[in-house]
1. How much length is gained on full extension from Leu11 to Glu143, taking 0.36 nm per residue of separation minus their Cα-Cα distance?
2. Would you kindly derive the ³J(HN,Hα) couplings of the range 167-172 from the backbone phi angles with the Karplus curve 6.51 cos²θ - 1.76 cosθ + 1.60 (θ = phi - 60°), listing them in order in whole Hz, with x for Gly and Pro?
3. What Kirkwood radius, in Å to one decimal, follows from the Cα pairs of the range 77-181?
4. Give the cysteines in the chain for which no other Cys Cβ lies under 4.7 Å away, or write none if there are none.
5. Can you work out ³J(HN,Hα) from phi for every residue in the range 22-38, in order, using Karplus 6.51 cos²θ - 1.76 cosθ + 1.60 and θ = phi - 60°, giving whole Hz and x for Gly and Pro?
6. Can you list the residues, at least 5 places off or on another chain, whose amide H is less than 5 Å from the amide H of Val80, using H built in the peptide plane?
7. Give the angle, between 0 and 90 degrees and rounded to the nearest 10, that separates the Cα long axis of helix 44-56 from the longest principal axis of the Cα atoms of the chain.
8. What is the Cα coordinate range of the chain on the first, second and third principal axes, sorted by size from largest, in whole angstrom?
Amino acid sequence: MSSDDLDALALLHDPVRRSLYDVVAGSGGDVGRGEAAEAAGVSRTLAGHHLDRLVEAGLLESGLRRPEKKGPGSGRPAKVYRRAGGERSVSLPPRDYTTLASVLAGVVDLLGAEEQAELAAREAGARMAGRHRGEPVERVLSERGYEPYEEDGLLRLRNCPFHVLAKEQPLLVCSVNLALCQGLLEGLGDDPGRARLDPRPGECCVAFATSKTNED
């Protein structure tokens with residue numbers, strides 16, 4: 001944990017900034033200043049001020065969206081915002097679980113123990129479900145930081161909680177993540193076959209068939 005992490009996260013205590021951050025982060029793409037202002041119920045000027053503060057803190061990134069109309073009179077590119085790709089974490093005193101996880105992933109790869117890792121992950125998912133009896137999987141995934149949302153008959157996950165490690169060991173981490181999600185479904189009394197690998201850039205590698213689609 002660094003002072004920058006604390007300062008950045010402290011910005012989200014302001015309800016307007018938190019609302020604007022949630023709007024941008026929940027969009028899964030670029031959001032204009034006017035769009036964010038309308039969604040958060042604040043003025044465009046106030047939204048711009050807070051959004052730029054979030055960019056300065058590294059919680060958001062900014063860019064330019066070119067106007068659809070080309071040529072003279074098309075107007076200037078509009079400023080847009082998206083969630084930053086980095087991560088922020090706070091613990092007192094600082095903890096470094098990522099390094100240990102990286103070491104353990106390396107050991108699994110070295111020993112060729114992928115199947116054992118998937119089995120352990122599935123059992124961990126089932127244990128996780130034991131603390132959420134009767135809850136829909138969407139709620140559990142939200143609490144675990146996956147940020148689920150529905151699209152075209154699928155429950156997709158906007159965020160990968162294991163993003164840093166997945167960049168180092170994508171095949172291992174994605175297969176273990178899938179097993180964890182299947183174990184969670186099974187522990188909740190749901191069909192583990194709903195979860196499958198369906199990676200998309202910038203999102204979690206796992207997607208779920210919705211209950212309705214699965215029944216069909």
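Only the coordinates and a few stated rules stand behind these numbers; no lab work does. Keep in mind that this is a model prediction, so the values were computed, not measured. Backbone-built Cβ (ideal geometry, glycine too); neighbour counts: all protein chains shown.
1. 45.4 nm is the gain from fully extending Leu11 to Glu143.
2. 5, 7, 10, x, 5, 5
3. Working: mean 1/r = 0.0631 Å⁻¹.
Kirkwood radius, the range 77-181: 15.9 Å.
4. Flagged as lacking a Cys partner: Cys181.
5. Along the range 22-38, the couplings run 4, 4, 5, 5, x, 7, x, x, 7, 10, x, 4, x, 4, 5, 4, 5 Hz.
6. Gly63, Leu64, Arg65
7. Its long axis makes an angle of about 50 degrees.
8. Principal-axis extents of the chain (Cα, largest first): 60, 49, 35 Å.
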